[in-house]
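Scroll down for the structure; my scribbles are underneath it.
The values are calculated or read from the model by the stated rules, or taken from the named source; none is laboratory data. Keep in mind it's a predicted model, so treat the numbers as computed, not measured. In this analysis, Cβ positions are derived from the backbone assuming ideal geometry, glycine residues included, and neighbour counts consider all displayed protein chains. To get the accessible areas, we keep the full protein, side chains included, count just its heavy atoms, and leave off ligands, DNA and RNA. Shrake-Rupley method; radii C 1.70, N 1.55, O 1.52, S 1.80 Å.
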Amino acid sequence: MSSTESIIRSRQTEKEVNGISTQVVCTEFSNYIFIVVTQYGKIGTLISVTPDSKSNDISTPAFSTKVLLGKDEPLTHVCAKNLATFVSQEASNRPVLLGLALKDSSIDAIKQMKEIIKTCKVW
């Protein structure tokens, strides 16, 4: 690795999701992928999304979610799994640390956010 090459790769973007300004930042660390999706300009609730090693079917691993900081609500876990599962799978099943601060967590909004995350791919 040359001295001019960044050790930590990061990409960010801002797009409108159902009329709400939404920022996405994706950062790759050696052991985690860190993603922030915010409509408030803050990191928000931090959720760890990890592949479950107990899953018997390698082609479709199960994922565990754990709220590390913030409000622990069922919808938080649903949003986290929908937004981060594909990232972990594409990143050789690395765990994802996800920061969520959402005004709109509708199914349509989550689908749009997932597409925005894909444009910030660092893994």
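Taking Phe63 as meeting all but one of (1) under 12 Å from the mean Cα position of the chain (by Cα); (2) aromatic (Phe, Trp, Tyr); (3) at pLDDT below 95, write down the number of the exception.
Only one criterion in (1) under 12 Å from the mean Cα position of the chain (by Cα); (2) aromatic (Phe, Trp, Tyr); (3) at pLDDT below 95 is unmet by Phe63, namely (1).
When the residues of region 71-123 are filtered to those that are exposed (fewer than 14 other Cβ atoms within 10 Å of the Cβ) and aliphatic (A, V, I, L, M), which remaining residue is nearest to Ser30 (Cα to Cα)?
Residue satisfying both the conditions and the ranking: Leu75.
Any residue in region 23-52 that's without any contact (Cβ under 8 Å) to a residue 60 or more places away in the chain: show its pairings with residues that are assigned to a loop (DSSP other than H, G, I, E, B) and open to solvent by less than 20 Å² (accessible area, probe 1.4 Å) at Cβ separation under 9 Å, as long as the two are six or more apart or on different chains.
Going by the 9 Å Cβ cut-off, the qualifying pairs are Gln23/Gln39.
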